[in-house]
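Just so you know, all these numbers are worked out from the coordinates, no wet-lab data involved. Everything quoted here is computed from the prediction, not taken from an experiment. Counting neighbours? That spans all protein chains shown, and the Cβs are built from the backbone with ideal geometry, glycine included.
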Amino acid sequence: MDERLRFVARLLEGEKMAPLCREFGISRVTGYKIFNRYKQYGLEGLHDRSRRPYRHANQLPYQVERLILQIKQAHPKWGAPKIRDKVIREFSFLKPPAISTIHAILDRHGLVKSRKRKRHRCEGTHREHVTEPNLLWCADYKGEFMLGNKQYCYPLTVTDYSSRFLLCCEGLPSTRSDLAFTVFERVFQDYGLPDAIRTDNGAPFASGNSFFGLTRLSVWWLRLGIRIERIEPGNPQQNGRHERMHLTLKQEATQPASFNFLQQQERFDEFAEVYNHERPHQALGGRYPGELYTPSARLYRPAAEPEYPFHDRTVRVTNCGRICIGKRKISLSRAFAGQLVGIREVDDKIWLVSFMDFDLGFFDQHEGRVEPTTNPFTRKPENV
């Protein structure tokens, strides 16, 4: 306001518009606009003007909005589609609003009950106690620590549950799933496949935003015929044998940390050799884990594509985690990207989505996502 007043005052004193606009750092168009407002409205024309629009392009006339509310009050169970049809039939001279517009009006006046979407929370699964090698492996990341070169190291460890044999201790720069894929593939090639793997609920083993906590890594395990076991959130004691190994690993191989990954990995390899073949284990009666462990008879081979002979059709999930049927796109989960799933109509226009022997959930002709069914991984396996 003060700047505009000084600008107009100097114009009234006879100064030229062009040099005065250069001095104030404005264009001549703006300068003439300010001066014309002053001549038309006086000092009031120098105040900031409201930027409020004269009309809202998408706002319904007041009368139409009141009509929609009256229909809703007369028929509380009616939704936006039925109210729109009523408006069209009885007031054909009005331009009918969109269903989404009617729903927004009802929601704004508190006449719509919002349906809360299910949130997938991490939860533990059935856990077994086994006494033979390769029936259960345990996997986890030991807590990260900083190397001498200021890089963080995330050791990925895998042990056999019954024999305590340390199958792998690999220092990684992060917990990215692609790095974990490489490590597990090498372990499977060296020692074969286990019947089950027990982990916590952290990445990349599980995800709180995916179907039943599944990730691409755990889906790959399922494809290989490996059952998934998860401890309950906040209960690391349920994987106590593996956590106890981490304590020994921390004391003997990370304090102090080495300078770089190569030096640290050499210490991990030396630790694994001593832990498996030289260090007596009290829980094993003083024996070495290497004396009890034998590789699995289940050799690692790339998993065959699943087949769904009892389903209506087989569909491959897109890279963005969707099921495409014609022009329809139904959101599933990126954990199943590239996988084949089976679809079967179980009721009138209601379809069941299955992956291998697991039923994931349902979708209908209106919903654009799969609603999960009962978690198939929390139940005790039938063969146990």
With label points set 7 Å from each Cα along the Cα-to-Cβ direction at Arg287 and Arg369, the distance between them in nm comes to 5.1 nm
Straight-line reach check, Lys113, cutoff 24 Å on alpha carbons, 8 or more apart in-chain or any other chain, hits among lysines -> Lys72, Lys77, Lys82, Lys86
Rg (one decimal) and Dmax (whole number) from the Cα set of the stretch 217-326, in Å, equal 21.1, 64
Contact order relative to length for the stretch 313-372, counting C-alpha pairs under 8 Å separated by 6 or more residues, stands in percent at 27 percent
For the chain, the dipole about the Cα centre with charges only on Cβ (Lys and Arg +1, Asp and Glu -1), to the nearest 20 debye, works out at 3020 debye
Under the 7 Å Cα-to-Cβ spin-label approximation, Ala304 and Arg279 lie apart by a distance in nanometres of 4.2 nm
The helix 2-12 Cα axis meets the longest alpha-carbon principal axis of the chain at an angle in degrees, between 0 and 90 and rounded to 10, of 30 degrees
Long-range share for the stretch 313-372, i.e. C-alpha pairs more than 12 Å apart as a percent of all pairs, stands at 63 percent
Between (1) 1.18; (2) 1.59; (3) 1.34, the structure-derived Cα Rg over 2.2 N^0.38 Å is (2)
Here the relative contact order (percent) of the chain, from C-alpha pairs under 8 Å and at least 6 apart, is 12 percent
Counting only backbone N atoms under 17 Å from a point 7 Å out along Cα-to-Cβ of Thr314, the residues of the stretch 196-224 in range are 223-224
Filtering chymotrypsin sites (Phe, Trp or Tyr not before Pro) in the stretch 230-310 by DSSP loop and by at most 14 other Cβ atoms within 10 Å leaves Phe259, Phe310
So, with points 7 Å from each Cα along the Cβ direction, the Glu270-Ser331 label distance in nm works out to 5.2 nm
Quick calc, Asp359 & Arg186: beta-carbon distance into FRET formula, R0 41 Å, rounding 0.05, result 0.80
Length gained if Ala18 through Ile99 is fully extended, taking 0.36 nm per residue and subtracting the Cα-Cα distance, is 23.7 nm
Sparse-neighbourhood loop hits (GluC sites (Glu not before Pro), the stretch 215-280; DSSP loop; Cβ within 10 Å at most 12 others) -> Glu278
